Amino acid sequence: MASRVVRGTAIAAGVAAVVGGGVGFALGKPVQEDDVVPARKLAADLCARIGDVSALLPKASSGRLLQSGTGAVTCTAVAGRQAATTFSTASVKVTITPYGGKLAGAGEVPYTPEAMAKKAFDRSPFDSVPDRPYPTKSDQTAVGLAGESFTTRVLVQRADVVVLVEYTANPVLAETARQAATVVADRAIWETK
């Protein structure tokens, strides 16, 4: 009787060792912080590459985007009333954010930069824009009472990059503002490739 118990215990221990070794081999080594892909660096002249945005600003404005930021890059161009000939005021702000990976949890494969960018894009409350080459969302709010001033936001995601364009102008047609912001977002996406 004792030999059956010993033999059963030995068999159970052998099976557990084989299964444990197989599971350990299948899972591989634990995920470390070094396994996470960092966010990529954007070009130091990215805003200059996006190009001239003078068509969105009053004629006396330079249309040159000024760059700031190191991780996420912000490009801005603002024109006030003193330069106004066609618009009384206008501003363009482009925010380009490259995403890095992130640890997913104990024993899980890390999230990729693309997955993190998609999560950020999906969290946006803006409305989806159909028939676009890249996932796009937009939002537009009227500023003032005349119906000629709008703040338009366009959000575009490609791979690990999310671009947000905020365009405010007075006076401007709503659809014109949306198209202009979309063109700038597309140029920004193109320059991050």
Expected field for ARG40, accessible surface area in Å² at 1.4 Å probe radius, rounded to 10, holds 80 Å²
Checking rank on 92-100, 172-180, with mean other Cβ inside 10 Å and highest first, the result is 92-100, 172-180
For the pair SER128 and LYS41, the simple spin-label estimate (label points 7 Å beyond Cα toward Cβ) gives in nm 3.7 nm
tail above 12 Å in the computed P(r) of region 99-160, as % of all Cα-Cα pairs, reads 72 percent
Quick numbers on region 126-193, Rg and Dmax over C-alpha atoms in Å, give 12.3, 40
With R₀ set to 25 angstrom, the calculated FRET efficiency between the beta-carbons of LEU173 and SER62, to the nearest 0.05, is 0.60
Heavy-atom accessible area of ARG187, protein chains in place, probe 1.4 angstrom, given in Å² to nearest 10, is 80 Å²
With a ≥ b ≥ c from the Cα gyration tensor eigenvalues, square-rooted, and the rule rounded for a/c under 1.5, otherwise prolate when a/b > b/c and oblate otherwise, region 90-134 is prolate
In this structure, the FRET efficiency calculated for ALA104 and TRP190 from their beta-carbon separation, with R0 = 35 Å, to the nearest 0.05, is 0.70
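The values are calculated or read from the model by the stated rules, or taken from the named source; none is laboratory data. Quick caveat: nothing in here was measured; it's all calculated off a predicted structure. Positions of Cβ are generated from backbone atoms using ideal geometry, with glycine treated the same way; all protein chains shown enter the neighbour counts. Heavy atoms of the whole protein, side chains included, go into the accessibility calculation; ligands, DNA and RNA do not. Shrake-Rupley method; radii C 1.70, N 1.55, O 1.52, S 1.80 Å.
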